[in-house]
Amino acid sequence: MQSLILIVIHILILISTIKISYKLKFFDVPDKRKIHKNKIIHTGGIAIFFTYIIILANYELNTEIENLVAVGSILVIFGFIDDQYKLTPGMKLFFIFLPIIYLISEGLYLEDLGEYKSIGRIELNKFAIIFTLLSVALLVNSINYLDGIDGLCLIIAISSLIYFSIITNNENTNQLLIFLSIPLFINLFFNLFNFGFEKISS
């Protein structure tokens, strides 16, 4: 998949999503924790997710990546429902813990915290599952709160993908990471600049 084609595809998906959001009134209304003072379209993440499905369809993925995509779909739906209907704290915890528990059941969890010169490898042992559950839940919840600051979540995501593309030695993986960053850059551009639409949250 060429970068230019991907850019066109995502812009078309994003504009279609924006138009649907206007018709169905999918807006994020300002509150005390939000930085913005005007309503914001909160379906930018859905546009990114659909573009990601198209990107990933062009790659042969292992089971672990497919599981992450499945979990990502749950989080996208959760984020949209929360923005639209303001879920209770209990429901938020349920939607956060559900996909994490699924990943852990598939064997995806932290077994150690890495190796350090002074203290060696930090093994989590019997605390591995609970540590993974709590740390990922904290990360998801933190990002959810950062959503009130224009473009910050997108900048964090883009920086993470760039970092991984720098440290990876696999050309195929590197290309995939670059492709995954393109929709984020486009959404950030739409988020920061006015193109005749309301600002777009991702």
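The values are calculated or read from the model by the stated rules, or taken from the named source; none is laboratory data. No experiment lies behind these values; they were computed from the predicted model shown. A quick note on method: Cβ atoms are made from the backbone with ideal geometry, for glycine too, and the neighbour counts reach across all protein chains shown. Accessible surface areas use protein heavy atoms only, side chains included; no ligands, DNA or RNA. Shrake-Rupley method; radii C 1.70, N 1.55, O 1.52, S 1.80 Å.
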Item to complete: Please list, ordered by first then second residue, the pairs with beta carbon atoms under 9 Å, 6 or more apart or interchain, first in the range 119-134 and farther than 27 Å from F95 by Cβ, second among the aromatic types (F, W, Y).
Response: I122/Y116
Discussion item. Going residue by residue through the range 176-188, is there one that turns out to be open to solvent by 30 Å² or more (accessible area, probe 1.4 Å) and polar (S, T, N, Q)?
Written reply: no
Item to complete: Within the range 26-58, count every residue that is assigned to a loop (DSSP other than H, G, I, E, B) and either within 16 Å of the chain's Cα centre (by Cα) or modelled with pLDDT of 75 or more (or both).
Response: 5
Fill in: Identity of the residue in the range 161-184, among the hydroxyl-bearing types (S, T, Y) and over 15 Å from the mean Cα position of the chain (by Cα), that ends up modelled with the highest pLDDT
Y163
Discussion item. As an exercise: evaluate I155 against (1) of a type in the set (A, V, I, L, M); (2) closer than 20 Å to Y22 by Cα; (3) at pLDDT 80 or above; (4) open to solvent by 50 Å² or more (accessible area, probe 1.4 Å) and give the number of the one condition it does not meet.
Written reply: (2)
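So how many residues does the range 86-124 have that are of a type outside the set (V, I, T), within 22 Å of the chain's Cα centre (by Cα) and either part of a helix (DSSP H, G or I) or under 27 Å from I155 (Cβ atoms) (or both)?
Of the residues in that region, 17 qualify.
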Worksheet item: Taking F127, is it modelled with pLDDT of 85 or more, farther than 25 Å from S73 by Cβ and either in a helix (DSSP H, G or I) or open to solvent by less than 50 Å² (accessible area, probe 1.4 Å) (or both)?
Response: yes
Response to the item:
Taking first residues from the range 162-177 that are in contact (Cβ under 8 Å) with a residue 24 or more places away in the chain and more than 18 Å from S3 (Cβ to Cβ) and second residues anywhere that are open to solvent by 90 Å² or more (accessible area, probe 1.4 Å) and part of a helix (DSSP H, G or I), the pairs with Cβ under 7 Å that are 6 or more apart or on different chains are none
Worksheet, complete the sentence: Of (1) of a type outside the set (A, V, I, L, M, F, W, C); (2) surrounded by 14 or more Cβ atoms within 10 Å (Cβ to Cβ); (3) within 30 Å of A128 (Cβ to Cβ); (4) modelled with pLDDT of 80 or more, S105 fails just (2)
